[in-house]
Amino acid sequence: MKRTIRMAAAIAVGSSMALTGCGQQTVSPNLPAFATIDDAYDAVDRVLDCEPDPAGLPIVPMGDGVELTSDQILCAEHLQIDLYPDGDSLQQSHDIWATSHQGAVHLVRGGNWMVVDVSEAAVGEPSARDFEALAEELGGQHLVVGSN
């Protein structure tokens with residue numbers, strides 16, 4: 001099984017997915033964390049049945065010149081898993097996704113990780129994946145952020 005894993009830092013998102021701004025969403029405290037990106041992938045894969053070799057690369061939002069660093073891995077073409085080194089990086093990334101004007105973005109968020117689905121923004125159709133079940137199984141929080 002080939003997986004695309006990358007360490008990302010301050011990579012500008014292409015014009016089709018330009019994300020800017022800083023919005024706030026209510027996030028529950030004390031969400032569960034993962035030790036490694038592989039642990040996060042394995043947990044998500046058990047629930048969502050990740051594709052063995054998804055096309056593309058993860059999207060890295062960049063906001064206000066702040067370097068947003070995370071380990072990233074694709075689960076499917078428009079579905080990625082991000083693992084953050086600290087709460088500030090996670091929150092900044094969350095805020096950028098939350099203020100996106102590219103369409104609805106489904107997030108399942110944990111203590112140091114986030115599953116991001118950009119299907120609607122990328123292809124105009126919402127994902128058929130069950131993010132409520134993923135949030136419940138992993139002890140995370142499901143949020144729909146962004147707008148048109």
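Over the stretch 45-148, one equal point on each Cα, no solvent: what is log10 I(q)/I(0) by the Debye formula at q = 0.10, 0.12, 0.15, 0.21 Å⁻¹?
Scattering profile of the stretch 45-148, log10 relative to I(0): -0.24, -0.35, -0.56, -1.17.
Residue by residue through the stretch 110-116, which ³J(HN,Hα) values in whole Hz follow from phi under the Karplus form 6.51 cos²θ - 1.76 cosθ + 1.60 (θ = phi - 60°), with glycine and proline marked x?
x, x, 9, 9, 8, 9, 10
If amide H atoms are built 1.01 Å from N in the plane of the peptide, which residues on other chains or at least 5 residues away come under 5 Å of the amide H of TRP113?
Close amide H contacts, sequence-distant or interchain: TYR84.
Can you list residues from other chains, or at least 5 along the same chain, whose modelled amide H is less than 5 Å from the amide H of MET62?
Amide H neighbours of MET62, under 5 Å, 5+ apart: VAL13, LEU19.
Each residue of the stretch 88-100 in turn: what ³J(HN,Hα) in whole Hz from Karplus with 6.51, -1.76, 1.60 and θ = phi - 60°, glycine and Pro shown as x?
5, 4, 4, 5, 4, 5, 4, 4, 5, 4, 5, 9, 5
How much accessible area does ILE37 have with a 1.4 Å probe, in Å² rounded to the nearest 10?
Looks like 10 Å² after rounding.
The values are calculated or read from the model by the stated rules, or taken from the named source; none is laboratory data. Since the structure is predicted, the reported quantities are computational estimates derived from the model, not experimental observations. SASA here: full protein model, heavy atoms, side chains in, ligands and nucleic acids out. Shrake-Rupley method; radii C 1.70, N 1.55, O 1.52, S 1.80 Å.
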